[in-house]
Structures are given as C-alpha cells and as structure tokens.
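Structure first, then comments.
The values are calculated or read from the model by the stated rules, or taken from the named source; none is laboratory data. Since this is a predicted model, take the numbers as computed values, not measurements. Note that we place each Cβ from the backbone using ideal geometry, even for glycine, and neighbour counts take in every protein chain shown. When the accessible area is computed, the model is the full protein with side chains, heavy atoms only, and any ligands, DNA or RNA have been set aside. Shrake-Rupley method; radii C 1.70, N 1.55, O 1.52, S 1.80 Å.
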Amino acid sequence: MEARSDLLVEEPQKLDAFKGVKKVTVEEYFGSGHRTCQGCESALVMKLMIKAAGPRTVVLGSTGCMYVANTTYYTTPWVVPFMHTQLGSSGSAALGTAAGLKALMRKGKMKEEAINVIAFCGDGGGLDMGLSAISATLMHPQYNLLILCYDNESYANTDIQASGGSPWGVNTTFTPPGKKHRIMQTRWKKNMVGMLAAGHPECRYVATVCASYALDMMNKVRKALSIGGPTFIHSLDPCPKGWDYDPLYSHELGELAIETGIFPLYEIEDRKLKYYGKTKKIVERRLKRKPVRDYLLRQGRFAHFIDEDIDYFQKKTDEMWEKWVLPGVIPIHPEEMGK
Amino acid sequence: MAVQAAAQSTVGKSGADDREMLISGCEAIAHACRLADIDVVTAYPIRPYDTLMQMISKMIADGDLDADYIVAESEHSQFEIVKHASAVGARVFVGSSGVGWFYAMEALAVTAGLRLPVVAVVGNRALDDPGAFGCEHNDALAVRDLGWMLTWVDVVQEAFDIALIAFRVAEDPRVFLPCALGLDGAFLTHSQSLVRVPSKEKVDQFLKPYDRGSKLLHPDNPITIAPQVNEDWLIEIRRQSDEAMKRSKGVIEDAYRDFNRIFGRNYSPFLEEYMTDDADVVLVGQGTLALPVKVTVRKLREKGKKVGFVRLKWFRPFPTEEVQDCLKKFKVVGIIDRDYSYGSPYSGGILYNEFRSALYDLPTRPKVYGFICGLGGREVTIDGVTEMINMMLETAKSNKVDREVVWIGVRE
Ligand SMILES: Cc1ncc(C[n+]2csc(CCOP(=O)(O)OP(=O)(O)O)c2C)c(N)n1
Ligand code: SF4
Ligand SMILES: [Mg+2]
C-alpha cells in the first residue's frame with residue numbers, strides 16, 4: 001500500500017503566471033458597489049486576488065473592512081459567489097467549503113470541476129483570532145484552498161485598534177501616546193508567514209505580497225491556487241485611515257515598506273525559500289535598504305516618535321537582515337543555537 | 001482498542017440492515033448518519049458525545065460510509081466547517097457537549113441566522129467549572145432563542161429515529177433551520193438497548209437528498225451570502241426565521257406521518273402521554289428522566305393514585321397548543337427541569353417558565369410546580385419523584401402551592 005492516504009487529492013485549476021501586465025485578463029470579478037476609503041489598498045488586493053483566480057472561484061470573507069465596507073446588502077461588488085464568515089473563521093470557512101465541494105463531487109452529487117476556494121481575513125482575523133483555525137487548515141493536505149490575509153496593521157473596521165499585526169510603537173485607538181507613556185504598543189509585529197512555514201512543513205506554499213507590485217501579487221495567488229493543498233498568502237496593505245496619510249500615497253508607502261526592509265517579499269514553495277522583487281536585491285546586497293525613517297515619518301500613526309524610537313525601530317529592522325538565520329523569515333540567531 | 005472492537009462489532013454492511021442491533025444512543029445516531037449518507041462531518045473530543053464520532057470515523061475507515069471526516073482543532077472550527085460545507089450543498093453532521101457546545105456558540109448563532117440545516121447532537125453535559133461531566137440540559141438550551149430546533153430523546157430507538165427526522169425537517173426548504181438532538185449524557189449516549197435499524201431503501205423513501213436550490217453557493221449560482229444588512233433589513237430577516245420556525249411545526253407533523261407509515265411506528269410528534277387518563281396530577285419533563293418517572297407513576301397508580309406523566313419531545317418549536325390541550329385537563333402539573341435559570345421568575349428552571357407562559361391564557365389553569373433535579377448527572381430516583389408527586393397530590397386537595405419551585409434530592 002502507498003504511504004500516502006487514498007483520501008488525497010484532486011487536481012486544482014492550472015493557472016499559469018501572467019507573463020507581463022498586458023497579459024492580465026481584462027475581466028473584473030470585484031466590481032463597483034463597495035464603499036471602502038479612498039486609497040484603500042485592501043480593496044485593491046481583493047480586486048487583484050479575484051482577477052488572478054478567475055470566475056470559477058468561491059470567496060469566503062471574514063468580518064473586517066473587506067466584508068463590512070464591501071458587501072452592503074444589494075450592492076455586492078462580488079461577481080463570484082461570496083459568503084461572509086466569522087472573524088476567526090477564515091481557515092474553517094475555506095476548509096468546510098473545500099470539503100463540501102470535494103465530498104459532493106466524489107459522491108457524484110455535484111458536477112466534477114476544480115473550483116478555487118479562497119478565504120480572506122484581516123490581520124486581526126488572521127494573525128490574532130483566527131490563527132488556530134488557519135494553522136489547523138494548513139495541516140489538511142487533501143483540500144485545495146488559499147487563505148489570504150490582508151494586513152492593514154490594525155483592527156481597522158472597528159476604528160483602528162492594535163492587533164498582532166500592528167508595528168511596534170504605533171498610535172492606535174487602543175495604544176495612544178499619552179503624557180506618561182509615549183509608547184503604548186510594546187509588541188513587535190507577529191512574523192506570520194515565517195511561523196506558518198516553520199510550523200506546517202507539509203504546507204506546499206506560503207508567500208508574502210504587496211499590491212504595489214500588482215503583477216507579482218497576482219501571480220503568487222495563481223501559484224497558490226495551482227499547487228494543490230492548503231496555502232497561505234500574507235499581503236501588507238497601506239490603509240490611509242489607520243496609517244494617517246494622504247490616500248494619494250498608498251502605492252508609494254507599500255514600496256517603502258519593502259525598500260526599508262520592514263516587510264520582506266518572499267515565497268516558500270515546497271520548503272524552498274525564494275526572495276523576490278526588491279527584497280531579493282536587498283538579500284543579495286545589490287540594493288541598500290532605505291532608512292526606516294523615510295517610511296515611518298510619512299505616516300501620522302508614527303508622528304509621536306522621537307529619534308530614540310526611530311533608532312530602536314531601525315535597530316530591530318537591521319537585526320532582521322543581519323542576524324536572522326533566514327533574513328526576514330526566521331528570527332533565530334545562530335549564536336542562540338549555540339554556534 | 002476496546003473502543004475499536006466495540007465499533008467493529010456494530011457496523012453493519014448495508015446489506016445487513018433492516019435488523020435489530022444492541023447499540024448505544026451514540027451508535028444509533030452513527031447508524032442514522034450512515035443511512036442518511038452524510039457528506040461532511042467534523043469531530044472534536046469531549047465527553048460524552050464523542051463516542052459517536054469514534055463510531056463514525058470507524059465506519060468511514062471501513063468503507064461503510066463515504067464522507068469527509070475532519071478532526072477540527074476546536075469546537076468553534078468544528079461548527080464553522082460544517083456551516084460552510086452546508087452552504088455548498090453538503091449534508092452535514094456535527095456534535096458536542098457542555099462547554100464544547102459553548103465554545104462553538106458564535107458559530108451556532110450564525111448557523112441559525114444563515115438558515116443552514118446543520119444537524120447536531122448534544123450529549124448533554126454540565127458546564128464546568130467546577131468540573132463535571134454529568135448530564136444537565138443548560139448546554140443545548142442555551143441556543144433556544146436563536147433559531148435552532150431542539151429535540152430531546154428518551155430511548156435509543158428514538159435517538160435513531162429522530163436523527164432521520166431531524167435531517168428531513170432541517171433540510172426542508174420551508175424550514176432550512178439547524179436542529180440539535182439532546183441526548184442525556186451517559187444515560188442515553190452510553191446505554192445500550194435493542195434498536196431496529198431499517199434498510200437503506202426505506203430510509204431513502206423517507207429522506208430525500210438535500211437540495212439547497214437557489215441558495216446554493218457555487219460558481220454557477222454566484223450569490224453573495226450574508227452581506228451587511230444592519231437596520232435596513234435585519235428585522236425582516238429575523239421575521240423570516242420566525243416564520244420558518246413556525247412552519248417547522250407542520251413540517252415535523254408531516255415527517256412523523258411519513259415516518260410512522262414507512263417504518264411502522266406509532267409516534268405522536270410533540271408529546272408522549274403516560275397514564276394520563278383521568279389523572280389529577282401529572283409530571284412533565286424531557287429526556288431520560290422519563291424512565292424513573294414512569295416507574296414511579298406506575299407504582300403509585302397501583303396504589304390508586306391518579307398520577308401521570310407527559311414527556312416533551314420538541315422544545316423548539318415549542319408545541320404551545322398541544323401543551324395547552326394536554327395540560328388543561330389536570331389539576332396540578334409539575335415541570336421537571338434538569339437545568340437551572342438563576343434569577344428567573346420564581347427562580348424556576350427554563351422549562352418551568354416556558355410551560356407557565358404557555359398555560360397563561362387557559363381559562364382554567366392547573367396549579368404549576370417547578371422541580372429542579374438531576375443536575376450534574378445525579379440520578380433522578382423513585383424516592384425523589386414520589387416526593388414531587390406527594391406535594392402535587394397535597395395541592396390537588398388543598399388547591400394551595402406552598403413553594404412554587406422545589407429542588408429535589410439536594411443535600412442541605
Ligand atoms: C468574534 C468577534 N469579535 C469582535 C468583532 C468585531 N469586529 C468586527 S470587524 C473587526 C476588525 C477586524 O480586524 P481585521 O481582521 O484586521 O480586519 P480590518 O477591519 O482591519 O479590515 C472586529 C474586531 C467581531 N465581528 N467578531
Ligand atoms: S479603514 Fe483602511 S482598510 Fe478599512 S476601508 Fe479604510 S483604508 Fe481600507
Ligand atoms: Mg486589519
């Protein structure tokens with residue numbers, strides 16, 4: 001008998017990478033009807049995500065801006081089937097949907113067809129509340145699905161509160177600077193994708209993306225849907241309301257997050273790590289990281305920072321690139337492993 | 001190992017059905033799930049319901065059932081997974097007990113709100129702390145206002161039968177509401193008796209495939225489910241759920257009619273009356289406490305006491321008219337609660353206050369007692385039941401109730 005269970009696997013859709021912007025399909029599956037803020041990168045992520053996936057897709061969305069501001073009754077922007085799920089349920093929603101479709105097709109109760117299943121969540125829904133269900137879902141190799149976390153670095157929909165995705169020191173409505181304490185947010189941002197990759201060795205694909213690099217972003221989604229099994233993508237999304245900047249600069253701030261090395265771009269496919277975009281150049285020392293100051297001071301949420309805070313932020317970011325065993329991915333220093 | 005052996009001995013090949021089997025409440029429901037050909041089932045361990053999921057996993061491993069079996073990492077996920085599988089058209093089954101059921105509470109609420117016909121078993125268990133696995137009904141009763149149909153079972157055969165009825169009623173497009181089966185922890189989940197397990201052909205006659213129709217989530221039917229409605233629409237949607245719950249009563253009656261015809265039973269849907277003819281006083285309760293109560297009633301009847309018992313089978317939808325028609329005949333009724341509701345009117349149990357409310361509009365009302373007993377799985381004894389009945393017989397003579405709500409069998 002084969003070691004692999006006969007409960008595995010049907011073929012996922014084969015979605016080849018778009019070879020250049022001009023090859024991207026013109027059809028939109030996330031249309032008008034939403035009421036997100038001007039300059040909302042997360043709304044763009046939705047649009048690109050489903051453009052990449054195509055029409056034979058079911059989308060499940062956790063509570064958060066991308067549900068609340070997107071799907072007002074009678075004005076849904078979703079051209080594909082869409083269903084809300086609970087704040088901590090992106091993993092379970094994807095799993096249940098994929099299991100339902102799989103069982104019905106196997107038993108001849110539904111026409112056989114590879115249908116993409118995508119569940120999205122915010123940083124609150126994904127990095128905090130839904131972590132347990134996401135982790136559990138990534139352990140089920142027989143279901144083809146993608147969980148996409150759009151990370152705007154706060155519980156945005158409930159008025160910008162600190163989450164496990166919020167950066168150190170940031171001003172949120174739960175971590176406001178005050179007369180006695182300038183820094184209320186004492187937690188460093190959670191290293192989601194590194195954690196998932198390290199903790200779920202059988203998961204075939206995880207990646208980080210940023211919609212400032214739209215083509216890369218879409219192609220990562222296509223790969224995640226094509227590879228088979230459960231997959232995860234973490235997207236960093238500038239949020240003009242929560243980050244407090246002119247909506248004009250969303251794209252630029254996304255670029256700065258990468259160029260300063262604060263958010264690395266990489267994918268891990270069958271346990272092989274590949275940096276890409278400017279991150280690759282940074283790792284290969286072909287590009288010098290911009291100072292974090294250039295990024296932080298563009299945003300009102302860091303306006304209370306004094307030089308000392310910026311220095312600390314810079315030092316921690318430097319460590320990601322100079323000390324982590326896998327730069328930007330695995331925060332373990334070799335000396336701590338006794339070398 | 002012991003568990004496996006037990007499971008093996010009870011799994012029948014489909015050809016071997018339509019026969020009597022010595023099985024527990026949990027096994028009976030596992031067989032009902034097999035015959036209902038469920039598509040997706042999710043499991044998480046908690047006593048006492050989880051034996052059921054052990055049975056189902058073995059059936060799948062042995063090829064007696066073809067379903068996707070997902071071992072969830074929490075009850076919240078367990079219930080969310082089946083909720084979503086149901087939305088894409090899968091027949092689903094799930095279950096829990098006590099604090100596990102409460103851990104899933106958010107999912108329970110939205111499953112009903114979304115009108116998804118999830119069928120669940122609750123192996124009733126106390127809500128620790130302090131730690132207790134014994135039977136109490138507060139777990140399942142906590143969803144009584146949310147749009148879950150709730151039924152309580154007395155014996156193993158009924159557990160099997162109601163499981164089939166639950167799928168049929170929940171998945172009826174006139175209803176589309178989830179349904180939970182209350183199985184008294186240990187007393188029913190783990191006690192065995194002979195059960196008639198029918199053939200697949202008969203079950204298929206009774207239970208048609210689940211068809212989600214225009215509500216199916218599928219690329220061929222690209223709808224948006226559960227958009228943000230707020231004050232614009234929510235009250236209308238709540239009203240629709242209310243109408244569905246009201247309609248479920250008729251659908252349950254239809255289902256019992258067909259069930260009795262196809263399987264040769266003689267069930268009445270909502271109430272079972274035991275020795276109520278010419279009774280002055282009757283006890284009312286749900287679940288397995290029917291057994292000690294019936295024994296006590298029979299003994300007291302032998303002594304010439306005019307006592308009887310009424311067992312409630314469906315708590316939601318609550319059979320208001322049937323309850324009125326039945327209970328108006330008696331001088332005194334005593335409602336037995338295996339639950340508590342601190343701070344409620346008269347500090348009575350949940351059933352007590354539901355029944356009092358149902359009786360309020362009768363022109364002549366019986367006197368009503370509330371008896372709280374059997375909490376934490378403590379046995380409901382013949383002595384305890386006799387104590388209740390004696391109080392009621394006294395009231396039948398004096399027409400006076402000294403204490404509306406009495407805790408029975410409690411050390412002072
Ligand atoms: C169980 C639960 N707790 C709290 C909430 C309230 N809530 C609604 S949206 C939201 C914010 C979610 O934040 P995130 O996942 O980061 O998404 P964003 O709003 O930032 O897009 C919260 C906390 C909820 N819907 N459900
Ligand atoms: S608050 Fe941020 S994430 Fe939410 S809609 Fe506005 S810009 Fe988008
Ligand atoms: Mg957020």
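Is it true that B:Val122 is within 14 Å of chain A (Cβ to nearest Cβ), under 14 Å from the mean Cα position of the chain (by Cα) and modelled with pLDDT of 95 or more?
Details: within 14 Å of chain A (Cβ to nearest Cβ): no; under 14 Å from the mean Cα position of the chain (by Cα): yes; modelled with pLDDT of 95 or more: yes.
No, not satisfied.
If you take the residues of the range B:262-320 that are assigned to a strand (DSSP E or B) and among the aliphatic types (A, V, I, L, M), which of them is farthest from B:Gly370 (Cα to Cα)? Going through the qualifying residues, I end up with B:Leu271. Exactly one residue out of A:Lys102, A:Lys111 is more than 16 Å from ligand 3 (Cβ to nearest atom), on the phi < 0 side of the Ramachandran plot, in contact (Cβ under 8 Å) with a residue 24 or more places away in the chain and of a type in the set (Lys, Arg): that is A:Lys102. Here the helices (runs of 4 or more DSSP H) wholly within the range A:208-275 that include at least 3 residues being more than 14 Å from every other protein chain (Cβ to nearest Cβ) and either free of Cβ contacts under 8 Å to residues at least 12 places away in the same chain or away from ligand 1 (no atom under 16 Å from the Cβ) (or both) are A:214-226, A:250-259. Determine, yes or no, whether A:Phe30 is within 16 Å of ligand 1 (Cβ to nearest atom) and touching a Phe, Trp or Tyr at 6+ places or on another chain (Cβ under 8 Å). Judged against the criteria, A:Phe30 is a match. Take the conditions more than 23 Å from B:Tyr210 (Cβ to Cβ), more than 14 Å from ligand 1 (Cβ to nearest atom) and either more than 23 Å from the chain's Cα centre (by Cα) or in a loop (DSSP other than H, G, I, E, B) (or both) and apply them to A:Gly39. Does it pass? So A:Gly39 fits the description; yes.
Residues are listed down the side, and each one gets a yes or a no for (1) closer than 16 Å to B:Gly287 by Cα; (2) within 14 Å of chain A (Cβ to nearest Cβ):
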| position | (1), (2) |
| --- | --- |
| B:Ala163 | yes, no |
| B:Phe167 | no, no |
| B:Phe176 | no, no |
| B:Pro209 | no, yes |
| B:Pro227 | no, yes |
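Would you confirm whether any residue within the range A:124-134 is assigned to a loop (DSSP other than H, G, I, E, B) and buried (at least 24 other Cβ atoms within 10 Å of the Cβ)? Checked against the condition, which is being assigned to a loop (DSSP other than H, G, I, E, B) and buried (at least 24 other Cβ atoms within 10 Å of the Cβ), the range A:124-134 yields at least one hit.
Among the residues of the range A:209-248, those identified as within 16 Å of ligand 3 (Cβ to nearest atom) and of a type in the set (Val, Ile, Thr) are A:Val209, A:Ile233.
A quick yes/no check of all residues on (1) on the phi < 0 side of the Ramachandran plot; (2) at the interface with chain A (Cβ under 7 Å from one of its Cβ atoms); (3) in contact (Cβ under 8 Å) with a residue 60 or more places away in the chain:
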{"site": "B:Lys58", "(1), (2), (3)": "yes, no, no"}
{"site": "B:Asp62", "(1), (2), (3)": "yes, no, no"}
{"site": "B:Ile70", "(1), (2), (3)": "yes, yes, no"}
{"site": "B:Phe79", "(1), (2), (3)": "yes, no, no"}
{"site": "B:Gly89", "(1), (2), (3)": "no, yes, yes"}
{"site": "B:Tyr103", "(1), (2), (3)": "yes, no, no"}
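Within the range A:160-170, is even one residue touching a Pro at 6+ places or on another chain (Cβ under 7 Å) and closer than 30 Å to A:Arg293 by Cα? No, the range A:160-170 contains no residue that is touching a Pro at 6+ places or on another chain (Cβ under 7 Å) and closer than 30 Å to A:Arg293 by Cα.
Every residue in the range A:74-99 that is within 15 Å of B:His218 (Cβ to Cβ) and either part of a strand (DSSP E or B) or at pLDDT below 95 (or both), please. The answer is A:Trp78, A:Phe82, A:Met83. The listed residues are A:Lys22, A:Lys102, and the only one of them that is more than 16 Å from ligand 1 (Cβ to nearest atom), in a helix (DSSP H, G or I) and closer than 28 Å to B:Ala107 by Cβ turns out to be A:Lys102.
Here is a yes/no grid of residues against (1) closer than 20 Å to A:Lys51 by Cβ; (2) out of contact with any strand residue (DSSP E or B) (no Cβ under 9 Å at 6 or more places or on another chain); (3) at the interface with another protein chain (Cβ under 7 Å from one of its Cβ atoms):
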position	(1), (2), (3)
A:Phe82	yes, no, yes
A:Leu95	no, no, yes
A:Ala103	no, no, yes
A:Lys111	no, yes, no
A:Ile118	yes, no, no
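All of (1) assigned to a loop (DSSP other than H, G, I, E, B); (2) at pLDDT 95 or above; (3) of a type in the set (Val, Ile, Thr) hold for B:Thr189 with one exception: (2).
Looking only at residues in the range A:161-171 that are more than 8 Å from ligand 1 (Cβ to nearest atom) and in contact with a helix residue (DSSP H, G or I) (Cβ under 7 Å, 6 or more places away or on another chain), the one that is farthest from the other protein chains (Cβ to nearest Cβ) is A:Gly169.
Scanning the range B:210-232 for residues that are open to solvent by less than 90 Å² (accessible area, probe 1.4 Å), in a helix (DSSP H, G or I) and touching a Phe, Trp or Tyr at 6+ places or on another chain (Cβ under 9 Å) yields a single hit, B:Asn230.
Among the residues of the range A:138-172, just one is surrounded by fewer than 23 Cβ atoms within 10 Å (Cβ to Cβ) and of a type in the set (D, E, K, R), namely A:Asp159. In this entry, B:Phe93 is excluded by the filter for residues that are facing another protein chain (nearest Cβ under 9 Å), over 19 Å from A:Gln142 (Cα atoms) and among the aromatic types (Phe, Trp, Tyr). Does the range B:39-53 contain at least one residue that is within 14 Å of chain A (Cβ to nearest Cβ), at pLDDT 95 or above and part of a helix (DSSP H, G or I)? Looking through the range B:39-53, none of the residues is within 14 Å of chain A (Cβ to nearest Cβ), at pLDDT 95 or above and part of a helix (DSSP H, G or I).
Among the residues of the range B:377-390, none qualifies, meaning not one is open to solvent by 80 Å² or more (accessible area, probe 1.4 Å) and under 22 Å from B:Met245 (Cβ atoms).
Here is a yes/no grid of residues against (1) under 28 Å from B:Gly185 (Cβ atoms); (2) out of contact with any helix residue (DSSP H, G or I) (no Cβ under 8 Å at 6 or more places or on another chain); (3) of a type in the set (Asp, Glu); (4) surrounded by 20 or more Cβ atoms within 10 Å (Cβ to Cβ):
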{"residue": "B:Leu312", "(1), (2), (3), (4)": "yes, no, no, yes"}
{"residue": "B:Pro317", "(1), (2), (3), (4)": "yes, no, no, yes"}
{"residue": "B:Glu322", "(1), (2), (3), (4)": "yes, yes, yes, no"}
{"residue": "B:Phe330", "(1), (2), (3), (4)": "no, yes, no, yes"}
{"residue": "B:Val333", "(1), (2), (3), (4)": "yes, no, no, yes"}
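Taken as a whole, the range A:62-73 holds at least one residue that is open to solvent by 70 Å² or more (accessible area, probe 1.4 Å), under 26 Å from B:Glu106 (Cβ atoms) and either at pLDDT below 95 or within 14 Å of another protein chain (Cβ to nearest Cβ) (or both). Among the numbered conditions (1) touching an Asp or Glu at 6+ places or on another chain (Cβ under 9 Å); (2) away from ligand 2 (no atom under 15 Å from the Cβ); (3) closer than 27 Å to B:Asp220 by Cα, the only one that A:Val206 does not meet is (3). Among the residues of the range A:53-75, those that are hydroxyl-bearing (Ser, Thr, Tyr) and within 16 Å of ligand 2 (Cβ to nearest atom) comprise A:Ser62, A:Thr63, A:Tyr67, A:Thr71, A:Thr72, A:Thr75.
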